[in-house]
Structure formats: structure tokens, C-alpha cells
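> A single structure is presented below for examination.
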Amino acid sequence: KASGKNTYHAFTPELAHTVHVREHMSRELHFAIDRNELSIAYQPQFQGQQLIGVEALVRWHSAVLGDVPPNQFIGVAEDTGLIFAIGEWVLEQACRQAANWNAAGQPVRVAVNISPRQFAHQNFVALIASALTRHRLPASLLELELTERLVVEDLQRAAVTITHLQQLGVRVSLDDFGGGQSSLSFLMLLPVSALKIDRNFVINAEQSAAGQRVIQAITTIAHALGLRVVAEGVETAAQRALVESLGCEVIQGYLLGRPMSAADLQLPFSPRIPP
Ligand code: C2E
Ligand code: CA
Ligand code: CA
Ligand code: CA
């Protein structure tokens, strides 16, 4: 089976297994929307004591495969093109939920993760504009999280798209900042409003003075450019105090709230552990 056209690559049993799993996953994922297997969990983001937004995180409960984490199926969705349907579904749910909260007198900004292929699609800005209109959602209540990976490929084009989104009034943030091939000069070219620094940086800061200086350097430059800095994956009060002292103004993490269903996110939401 592994011979023939595949002989060029070392087709190990592990790889065969991986390929098999991915094929199986992609078959099941194909039906996930119609079978109602996707849902969204919302994780709170705090500035001081104040809830300033939530991040929408997709969840897949497959009847066949059980709970599959997004880190496993988003890649498959990107490779197969299913990401367009899934991404639109997530955007739709998130906008509807944000509009419902707003109509109930609880405006909260919802941040939606955007995959590189979605962002690169020529209709992307139109898709966003249409979602805002259909749900009568003020643009200021929508934020889009872009990974650095997507902007590396065509920086000029990314800058144009982000400018169009900002003109709509939508906020754009750079996710997993510092994790990829990012360079700080990106920040000067891309009109984003916030940076999200990965949980690994938070852990490094706890472990070494060098790790602390890295966060401090990032927040210093971000602030000089007028950007907010969000620290992700903050699990302890000590981590929170540390990253706040290094200049991160927004905190997201299990300390203040796990991703949860919209029904469980009772607004106004107060953090589980009072600061
Ligand atoms: P991300 O955008 O960096 O999201 C943050 C991840 O960290 C989430 O994992 C969240 O549950 C987790 N997290 C939050 N606080 C803590 C903490 O205190 N400790 C630890 N250990 N983890 C924490 P999740 O939900 O499994 O999502 C993983 C990744 O999948 C996301 O990383 C994002 O890249 C992707 N993803 C999730 N939903 C979507 C989506 O709707 N569209 C796209 N394109 N990607 C998505
Ligand atoms: Ca994110
Ligand atoms: Ca992130
Ligand atoms: Ca991440």
C-alpha cells in the first residue's frame, strides 16, 4: 500500500496512521455542521476587574470520534477547504450571540479566530460586512484574531485587508504574537489594535528574568504603537501579577474563566477569583 506513488517519502507506519486518522476526521468533519456537532465556547477577557470581551472558541463533539480539540481539526479543515464553511458558521454564531447580548443591554465584544485561508479569500471583508448588517451588530463589538502566519505570506495585501476591516469599525488583533516568524517591524505595517501573547511567554516569564524582559520589550513597543497587549493562558494569580507588572493590560486564562457556553457566561460576569 505504501509503495508506488508514495515511495518518494518515507511512508512510515506512524505516517500511515496519521494520514488515516486525518482522512477519517475529514470525512466526519464534513457532516459536522449539518449534524449539529459544532458549538462555541466563550472565554472571558478582563482588564482589571472589568470584562472587556470574550473569545469565541469552536468545539466539535463528533458522534463517531468524540470530542476533538480544535488544534486537531482546524488544520484538517484548512487542508480540505472545510474551513470556509466552518469559519462562516463560527462567525455567524458569534455575531448572533454578540447581537443578543447587546440587545439585552450587555454589550460585550466577541473575538473570532480567523484562519489564514479565510482571511486570504477575496470575499472576506464582504463576508464580515454582511454578517454585521444581518445581525445588526455594531462593528465595535466584533474583533478578529489573525495569526501571524497568515500575514507573513503577503504583508502588503494583509495590510490592505486589515485597513478595510478597521474602516468597517471591526477590531483586529494579532494572535500568538512572537510565536512564529514574526518581526516587530510587522507591527508598523499592520494596522492592528492588539497583540495577544502566547501562554508560553507567560510561563517563560515566570521562569527567567530573560523571559520577563521579552514580555517587557513586546509591551513597550506595542504601547509605543498604541496597541493593547493581551496575555493568554494565565492560570495563577502570581502569573497575572507578573504579566500585569510587565505591561500586559488584558488577561485571559483559566484563572479568570474557562471557555464556557453562552448560557453559562452570566453577564455581568465577575471573575472566579477576585483580584
Ligand atoms: P488560540 O486562539 O491561541 O486560543 C487559546 C487557547 O488556549 C484555547 O484552546 C483556550 O481554551 C486555551 N486556554 C485559555 N486559557 C488557558 C489557560 O489558562 N491555560 C491553558 N493551558 N490553556 C488555556 P482551544 O479552545 O483548544 O483552541 C486551540 C486553538 O484552536 C486556538 O488557539 C485557535 O488557534 C484554534 N481555534 C479555536 N477555535 C477556532 C475557530 O473558531 N476558528 C479557527 N480558525 N481556529 C480556532
Ligand atoms: Ca485566538
Ligand atoms: Ca492565541
Ligand atoms: Ca495558540
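The values are calculated or read from the model by the stated rules, or taken from the named source; none is laboratory data. Owing to the predicted nature of the structure, the values given are computational and were not obtained by experimental measurement. Because the Cβ atoms are built from the backbone with ideal geometry, glycine has one as well, and the counts that use them run over all protein chains shown.
> Among the strands (runs of 3 or more DSSP E) confined wholly to region 190-253, which include 3 or more residues that are within 15 Å of ligand 4 (Cβ to nearest atom)?
Because the criterion is at least 3 residues that are within 15 Å of ligand 4 (Cβ to nearest atom), the strands (runs of 3 or more DSSP E) in region 190-253 that meet it are 194-197.
The rows are residues; the columns are (1) among the polar types (S, T, N, Q); (2) free of Cβ contacts under 8 Å to residues at least 24 places away in the same chain; (3) away from ligand 3 (no atom under 16 Å from the Cβ).
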{"site": "Ile218", "(1), (2), (3)": "no, no, no"}
{"site": "Ile221", "(1), (2), (3)": "no, no, yes"}
{"site": "Ala224", "(1), (2), (3)": "no, yes, yes"}
{"site": "Val229", "(1), (2), (3)": "no, no, no"}
{"site": "Gly233", "(1), (2), (3)": "no, no, no"}
{"site": "Arg240", "(1), (2), (3)": "no, no, yes"}
{"site": "Ile251", "(1), (2), (3)": "no, no, no"}
{"site": "Arg258", "(1), (2), (3)": "no, no, no"}
{"site": "Ser261", "(1), (2), (3)": "yes, no, yes"}
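> Looking at Leu189, Leu155, Leu146, Leu141, can you tell me which residue is out of contact with any His (no Cβ under 9 Å at 6 or more places or on another chain), closer than 25 Å to Gln43 by Cβ and away from ligand 3 (no atom under 16 Å from the Cβ)? It would help to see each step written out before you state the result.
Details: Leu189 fails: closer than 25 Å to Gln43 by Cβ; Leu155 fails: closer than 25 Å to Gln43 by Cβ; Leu146 fails: away from ligand 3 (no atom under 16 Å from the Cβ).
Selected residue: Leu141, the only one of Leu189, Leu155, Leu146, Leu141 that is out of contact with any His (no Cβ under 9 Å at 6 or more places or on another chain), closer than 25 Å to Gln43 by Cβ and away from ligand 3 (no atom under 16 Å from the Cβ).
> Within the set of pairs 6 or more residues apart or between chains, which connect a residue that is touching a residue at least 40 places away in the same chain (Cβ under 8 Å) inside region 124-147 to a residue that is aromatic (Phe, Trp, Tyr) with Cβ atoms less than 9 Å apart?
Filtered contacts from region 124-147: Leu141/Trp101; Leu146/Phe119.
> Also, I was wondering about something else. Identify, from the list Ser140, Ser130, the residue that is touching a Gly at 6+ places or on another chain (Cβ under 7 Å), assigned to a helix (DSSP H, G or I), within 30 Å of Gly105 (Cα to Cα) and more than 16 Å from ligand 4 (Cβ to nearest atom). I'd like the intermediate steps shown before the answer.
Numbers: Ser130 fails: touching a Gly at 6+ places or on another chain (Cβ under 7 Å).
Every option except Ser140 fails the conditions.
> Listed residues Gln97, Gln93; which is away from ligand 4 (no atom under 16 Å from the Cβ), in contact with a Ser or Thr (Cβ under 9 Å, 6 or more places away or on another chain) and of a type in the set (S, T, N, Q)?
Numbers: Gln97 fails: in contact with a Ser or Thr (Cβ under 9 Å, 6 or more places away or on another chain).
Result: Gln93 is the single residue among Gln97, Gln93 that is away from ligand 4 (no atom under 16 Å from the Cβ), in contact with a Ser or Thr (Cβ under 9 Å, 6 or more places away or on another chain) and of a type in the set (S, T, N, Q).
> Pick out, from region 32-94, the strands (runs of 3 or more DSSP E) lying fully within it that include 2 or more residues that are within 16 Å of ligand 3 (Cβ to nearest atom) and within 19 Å of Ala139 (Cα to Cα).
Counting at least 2 such residues, we get 38-47, 50-62.
> Please find, within region 80-123, the residue that is nearest to ligand 1 (Cβ to nearest atom) out of those that are touching a residue at least 40 places away in the same chain (Cβ under 8 Å) and among the β-branched types (Val, Ile, Thr).
Looking at residues that are touching a residue at least 40 places away in the same chain (Cβ under 8 Å) and among the β-branched types (Val, Ile, Thr), I get Val90.
> May I pose another question? In region 134-190, which residues are at pLDDT below 80 and touching a Phe, Trp or Tyr at 6+ places or on another chain (Cβ under 7 Å)?
Glu148, Leu150, Val151, Gly178
Residues are listed down the side, and each one gets a yes or a no for (1) surrounded by 13 or more Cβ atoms within 10 Å (Cβ to Cβ); (2) modelled with pLDDT of 95 or more; (3) in contact with a helix residue (DSSP H, G or I) (Cβ under 9 Å, 6 or more places away or on another chain):
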| position | (1), (2), (3) |
| --- | --- |
| Lys5 | no, no, no |
| Glu14 | no, no, no |
| Ser26 | yes, no, yes |
| Asn36 | no, yes, no |
| Glu55 | yes, yes, no |
| Asp67 | no, yes, no |
| Ile74 | yes, yes, yes |
| Glu88 | yes, yes, yes |
| Trp101 | yes, yes, yes |
